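Have a look at the structure below before the remarks.
The values are calculated or read from the model by the stated rules, or taken from the named source; none is laboratory data. In this text the structure is predicted, and so the values were computed from the model without any measurement. Because the Cβ atoms are built from the backbone with ideal geometry, glycine has one as well, and the counts that use them run over all protein chains shown. All accessible areas refer to the heavy atoms of the entire protein, side chains included, with ligands and DNA or RNA removed. Shrake-Rupley method; radii C 1.70, N 1.55, O 1.52, S 1.80 Å.
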Amino acid sequence: MEFDTSTDALGALRTEQVDAKFHMLDVMSVSELLSAMNESDAEVPKAVALQLPTIERAIDGVVDRMMQGGRLIYIGAGTSGRLGVLDAAECGPTFSVSEDQVLALIAGGDSALRLPAEGAEDKPENGVTDLKSQKITARDSVVGIAASGRTPYVLGALAYAKEIGALTIGLTCNPNSEISKIVDCAIEIDSGPELLAGSTRLKSGTAQKLVLNMISTITMVRLGKTFGNLMVDLQITNGKLKDRAIRIVEKATGVTRTIAEKALGDSGHEVKVAILMLLLDIDAASARERLRASQNRVREALN
């Protein structure tokens, strides 16, 4: 596979440009620096807003495949890869999805989460190898995350995913990038030059995090992981989350905390089951049966 990732064009990327507004950064006061960063960051949501139709198309594709048993797979290097890992890791406790349903791969492996592994991103074949290890299929969705839009590791992975027939999505901060040329859906957030020239962990990283929040959260909403805006599929793994679960049952049903806590216990600590038990005055087994018949969606199970 051949990609144009020569360093000749690197300096022309939007994310590599030097913003003249901040050319005196090193002599600014802390107060001035804070204002400058805040001003710079405020540009990001506006840039994301311009890509909402494309993000919608990407999410529709992810939802369609996950309803058929497919997976959501993030892949990236450096900051982009770490952001993918972060988003995937949060899906388990928030939405009770398994590590196999939403997962993330980063160039250099898990050690790259804490330690720099800059050279690991330069080999497209490594991206292919990492995806092959996950045995991807046409039902999967692969989101390649790269601020530059030209990371070889990500390009290789996306090219392989496309060969397999998986949905390929590119998330970049440079328009008309190499990634955008090969994916089914190109999300190009033009967040502009960084306050600290070339430091894409700043605005570019913020832009990527906002989009990843959208992809994972809205996908899970569409899959029935919420009831209204309540996290009814959260995993109860500690005291804080147990308290949150009780409050969710209270809010969803209007019962007292004591009743909500008892129902949660009787449900086997399954929030959806507890809600149906209380709203329909049924036992846990009947509530689970209703959920099975309604694709695990609370609102449908109530009808």
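Most tightly packed first, judged by the mean number of other beta-carbon atoms within 10 Å of their residues, the peptides 81-87, 218-224 read 81-87, 218-224. For LYS240, which lysines qualify as cross-link partners when the Cα separation must be under 30 Å and same-chain residues fewer than eight apart are set aside? Candidates past the 8-residue exclusion: LYS209, LYS225, LYS251, LYS262, LYS272. Quick one: Cα centre-to-centre distance for the stretch 178-194 and the stretch 56-96, in angstrom? Each part reduced to its Cα centre gives a spacing of 18 Å. In the context of the full set of protein chains, residues of the chain present 49 Å² of accessible surface per residue (probe radius 1.4 Å, heavy atoms only). Share of the stretch 77-174's accessible area from carbon and sulfur, percent, 1.4 Å? About 50 percent, which is the carbon plus sulfur part of the accessible surface. Placing R0 at 45 angstrom, the Cβ-Cβ distance between ASP266 and GLU43 gives a FRET efficiency of 0.35 after rounding to 0.05.
Summarising the amide proton neighbourhood of VAL232: residues at separation of 5 or more, or on other chains, whose placed amide H is nearer than 5 Å comprise PHE227.
With θ taken as phi - 60° and the Karplus curve 6.51 cos²θ - 1.76 cosθ + 1.60 applied, the whole-hertz 3J(HN,Hα) list for the stretch 223-240 is 8, x, 7, 10, 10, x, 10, 9, 7, 7, 10, 5, 8, 9, 10, 7, x, 4 Hz, x standing for glycine and proline. Surface composition of the stretch 175-303: carbon plus sulfur atoms hold 48% of the accessible area, using a 1.4 angstrom probe and ignoring ligands, DNA and RNA. The base-10 log of I(q)/I(0) for the chain, evaluated at q = 0.15 Å⁻¹, reads -1.10 [Debye formula, identical scatterers on Cα atoms, solvent excluded].
Couplings 3J(HN,Hα) for the stretch 158-175, derived from phi with the Karplus relation 6.51 cos²θ - 1.76 cosθ + 1.60 (θ = phi - 60°), are 5, 4, 5, 4, 5, 4, 6, x, 5, 6, 10, 10, x, 10, 10, 10, 10, x Hz, where x marks Gly and Pro.
Might you report the magnitude of the Cβ-based charge dipole of the chain about its Cα centre, with Lys and Arg at +1 and Asp and Glu at -1, to the nearest 20 debye?
Details: 33 positive and 40 negative charges, 242 e Å.
Rounded to the nearest 20 debye, it is 1160 debye.
Here the 3J(HN,Hα) profile of the stretch 99-112, calculated from phi with Karplus coefficients 6.51, -1.76 and 1.60 at θ = phi - 60°, is 4, 7, 7, 10, 9, 9, 10, 10, 4, x, x, 4, 5, 6 Hz, Gly and Pro shown as x.
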